[in-house]
Amino acid sequence: MSGRWRSVWGVGKGLLLASLVPLVVALACFFVPVENPGVQRCGSPLLFAVGGGRNHRVERTGIDDPTYDARRAQDPCSKRAEARVRVGFAAGAVFVVMAGSGAVLGLIDDRRRLREAPRFEDLLGDRPGGRPVSRL
């Protein structure tokens, strides 16, 4: 096996292994709960977006509370969940591209090895005289 082809398969294995990082990022973005501190627990961003979760507004009962304006100015759950789902889909796309590239490099290397391998019919030919037969 030439060094050039070995490095191609090494790159393919590296891509397959490295593609696990964006997969973990995508799963974390989809399923780690989002929270609107002091107002609402949104839950999983993917389930919030798909399930049609509802935003809760800060009640005016605590208008004298010093944190009321800060809580009222926070992004609602829909915006927080949308941002996380967007990052999750981008990381998922990176995973698909990296894993697909690694798999294609592996298939190219397998095809090259198949072409370089001796034909099966060549292995069935007569043995030259004077060579011992190895018994496995």
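Could you look through segment 37-56, keep only residues that are in contact with a Lys or Arg (Cβ under 8 Å, 6 or more places away or on another chain) and closer than 11 Å to GLN74 by Cβ, and pick out the one that is surrounded by the fewest Cβ atoms within 10 Å (Cβ to Cβ)? Working first, answer last.
Initially, segment 37-56 is screened for residues in contact with a Lys or Arg (Cβ under 8 Å, 6 or more places away or on another chain), giving 37-39, 42, 45.
Narrowing the set further to residues that are closer than 11 Å to GLN74 by Cβ leaves 37-39.
Details: PRO37: 10, GLY38: 14, VAL39: 17.
Only one residue fits best here, namely PRO37.
Please list, ordered by first then second residue, the pairs with beta carbon atoms under 9 Å, 6 or more apart or interchain, first in segment 6-32 and touching a residue at least 12 places away in the same chain (Cβ under 8 Å), second among the polar types (S, T, N, Q) and surrounded by fewer than 17 Cβ atoms within 10 Å (Cβ to Cβ).
So the pair list comes out as VAL11/SER101; GLY12/SER101; LEU15/SER101; LEU16/SER101; SER19/SER101.
Taking segment 16-36, which residues are open to solvent by 90 Å² or more (accessible area, probe 1.4 Å) and not in a helix (DSSP H, G or I)?
Passing the criteria: only PRO33.
Working only within segment 82-123, note down all residues that are of a type in the set (D, E, K, R), over 26 Å from GLY10 (Cα atoms) and at pLDDT below 90. First the steps, then the outcome.
Of segment 82-123, the ones of a type in the set (D, E, K, R) are 82, 84, 86, 109-113, 115-116, 119, 121-122.
From what is left, the residues that are over 26 Å from GLY10 (Cα atoms) are 82, 84, 86, 119, 121-122.
Correct list: GLU82, ARG119, GLU121, ASP122.
The values are calculated or read from the model by the stated rules, or taken from the named source; none is laboratory data. Bear in mind the structure is a predicted one, so any value in this text is a computation, not a measurement. Don't worry about glycine lacking a Cβ; one is built from the backbone with ideal geometry, like all the others, and counts go over all protein chains shown. With ligands, DNA and RNA removed, areas are computed over all heavy atoms of the protein, side chains included. Shrake-Rupley method; radii C 1.70, N 1.55, O 1.52, S 1.80 Å.
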